[in-house]
């Protein structure tokens with residue numbers, strides 16, 4: 001692939017775009033975590049101000065921008081709504097006016113028209129050539145998988161080609177993220193990386209870890225890959241306590257099992273530069289369970305079992321077991337009913 005030339009322009013004076021020190025990245029993670037915890041406490045005004053503080057330290061990634069946009073809409077902070085929208089649209093996001101229309105508690109026609117104007121007038125600042133490149137990547141990723149031949153030698157060869165190309169991206173563009181490849185780049189890149197993990201080709205792990213610590217790659221996505229890696233390698237330690245291993249749905253019930261190595265998990269998260277502890281992550285997932293939404297965690301996934309009769313029976317059995325544990329003072333397992341404030 002020929003080297004792609006591009007120029008990253010400033011999204012807005014609202015964001016400080018510059019090389020980030022480790023200290024800045026850690027501070028950014030701290031304030032984002034505080035903002036997300038404020039959402040869980042239903043203090044959206046505080047969350048709004050905390051996101052503003054975080055975004056003044058480091059350019060936000062897509063997930064944080066999505067959540068902060070939702071918070072600004074709920075608090076009717078019109079100035080911040082327009083600032084975040086402008087940056088997202090510069091990075092190739094679409095439909096911000098329409099999303100404002102359906103999520104706003106008090107629809108403002110003036111703000112709606114301003115968003116339409118921004119969508120019509122804003123020039124894209126990311127390298128739009130990556131749209132085509134990423135489409136080709138996902139096409140290669142799906143070439144044989146859609147035929148049920150995901151583990152065929154032909155698909156393995158295409159997967160290897162994709163991984164080499166991703167490494168090339170990071171060699172040529174060390175800050176390869178939404179500011180380079182567009183707001184939706186992780187939707188495609190994440191699929192390819194997850195399939196690499198699932199097929200036991202996780203040689204990109206050291207690189208991704210470094211990018212998380214540099215504030216370039218989304219930490220929640222990296223921890224999701226780690227959880228999958230541990231899931232396909234039974235017996236491996238749950239390094240970050242996220243994803244499939246400790247938090248999962250059966251039907252409409254969210255089960256949370258405290259891992260045995262909780263102290264080490266929190267140390268591992270801290271080594272990534274994160275302020276979010278395992279307990280913080282659980283609090284956010286439970287809030288989403290109670291509100292039937294994913295406004296905080298975005299792309300983070302738990303194992304989800306269906307609502308078939310067997311699953312419902314399994315959930316009921318586990319609830320009885322957990323109730324018995326709680327009666328004895330053992331609270332290492334909890335469960336929460338989706339869409340309900342009541343928790344067990």
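If a residue must be farther than 23 Å from residue 41 by Cα and crowded, with 18+ Cβ neighbours inside 10 Å, how many such residues does segment 261-286 contain?
Of the residues in that region, 4 qualify.
One line per residue, one yes/no per condition, for (1) under 25 Å from residue 211 (Cβ atoms); (2) within 22 Å of the chain's Cα centre (by Cα):
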{"site": "109", "(1), (2)": "no, no"}
{"site": "112", "(1), (2)": "no, no"}
{"site": "117", "(1), (2)": "no, no"}
{"site": "126", "(1), (2)": "yes, yes"}
{"site": "131", "(1), (2)": "yes, yes"}
{"site": "134", "(1), (2)": "yes, yes"}
{"site": "148", "(1), (2)": "no, no"}
{"site": "160", "(1), (2)": "yes, no"}
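Look at segment 66-83 and say how many of its residues are within 20 Å of residue 27 (Cα to Cα) and crowded, with 24+ Cβ neighbours inside 10 Å.
1
Looking at segment 64-82, is at least one residue out of contact with any strand residue (DSSP E or B) (no Cβ under 8 Å at 6 or more places or on another chain), at positive phi and in the same structural domain as residue 36 (by TED's automatic domain parsing)?
Yes, some residue in segment 64-82 is out of contact with any strand residue (DSSP E or B) (no Cβ under 8 Å at 6 or more places or on another chain), at positive phi and in the same structural domain as residue 36 (by TED's automatic domain parsing).
Which residues, counting only those in segment 189-227, are within 16 Å of residue 160 (Cα to Cα) and assigned to a helix (DSSP H, G or I)?
Of everything in segment 189-227, those that are within 16 Å of residue 160 (Cα to Cα) and assigned to a helix (DSSP H, G or I) turn out to be 189, 190, 191, 192, 193, 194, 195, 196, 197, 198, 205.
Just a yes or no: is a residue in segment 103-120 at positive phi and either modelled with pLDDT of 95 or more or buried (at least 16 other Cβ atoms within 10 Å of the Cβ) (or both)?
Among the residues of segment 103-120, not one is at positive phi and either modelled with pLDDT of 95 or more or buried (at least 16 other Cβ atoms within 10 Å of the Cβ) (or both), which makes the answer no.
Filtering segment 1-45 down to residues that are outside any loop (DSSP other than H, G, I, E, B) and farther than 28 Å from residue 287 by Cβ, which residue is modelled with the highest pLDDT?
23
Could you please find all residues in segment 187-212 being closer than 22 Å to residue 273 by Cα, modelled with pLDDT under 95 and crowded, with 19+ Cβ neighbours inside 10 Å?
Once the filter is applied, which keeps residues that are closer than 22 Å to residue 273 by Cα, modelled with pLDDT under 95 and crowded, with 19+ Cβ neighbours inside 10 Å, segment 187-212 yields only 202.
Which one of these does residue 281 not meet: (1) within 16 Å of the chain's Cα centre (by Cα); (2) without any contact (Cβ under 8 Å) to a residue 60 or more places away in the chain; (3) under 25 Å from residue 175 (Cβ atoms)?
The failed condition is (3).
Give segment 112-144 a look and list any residue that's in a helix (DSSP H, G or I) and in contact (Cβ under 8 Å) with a residue 40 or more places away in the chain, or say none.
Of everything in segment 112-144, those that are in a helix (DSSP H, G or I) and in contact (Cβ under 8 Å) with a residue 40 or more places away in the chain turn out to be 129, 130, 131, 133, 134, 135, 137, 138, 141.
The values are calculated or read from the model by the stated rules, or taken from the named source; none is laboratory data. The shown structure was predicted, so the numbers you read here are calculated from the model rather than taken from an experiment. Please note: Cβ atoms are built from the backbone with ideal geometry, for glycine as well, and neighbour counts cover all protein chains shown.
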